[in-house]
Amino acid sequence: MRCEVCGAEIRGDPYYRIIEGGRMTVCGRCAKFGSTDWDPNRVLPRVRRPPAPRRPRNEVEAAESLEPVEDYGAKIRKARQRMKLTVEDFARMIREKESVVKNLEKEELTPDRKLATKIRNALNVDILEVGEQTAAPARARPTGARTFADLIKQATAKDEEEEET
Ligand SMILES: [Zn+2]
């Protein structure tokens, strides 16, 4: 253990002194700089932080990565028509405004989880799916065709590498 004031190795028991308002562990020579002792065995009370609201991890991830499926508007409309429901009927069924249903079917409204759940319960169609980006990051990467210039650049870079070794 080293003295926090002079940096010398402390032989024997260190002195715990409050020096210039700070808690210092010091050697016998530097102990005179402090007037008060502090107790190293007393644990400082921790600063309390308000607990963060906890949600199961998988739920959070799922909520973030859900995206409407392709043609969800058409899917809703077809399912609704299959059940012989008018827009009005269906809107009443899921307790939404008719305009909500119309906009959903036109895909001018992106359903959130709550709405999607109601639609699934009413029509038995899933209109949200786990987003591709989070599910398969490798596929989300653009795989544009390489240009001739890129190939030349690559070839040159490779040559340089070989020269170095
Ligand atoms: Zn010292």
- Using 7 Å Cα-to-Cβ label points, what is the Asn124/Arg95 separation (nm, one decimal)? 2.3
- Given 66-78, 87-99, the highest-first ranking by average Cβ count within 10 Å works out to 66-78, 87-99
- Message: For Lys102, Lys153, which order do you get if you count the other beta carbons within 10 Å of each Cβ and list the fewest first?
- Response: Lys153, Lys102
- Expected sort for Val5, Val26, Val125, Val101 with the fewest Cβ neighbours (10 Å cutoff) up front is Val125, Val5, Val26, Val101
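None of the figures in this text is laboratory data; all of them are computed from the coordinates on show. Quick caveat, the model's predicted, so the values are computed rather than measured. Cβ atoms come from the backbone with ideal geometry, glycine included; neighbour counts cover every protein chain shown.
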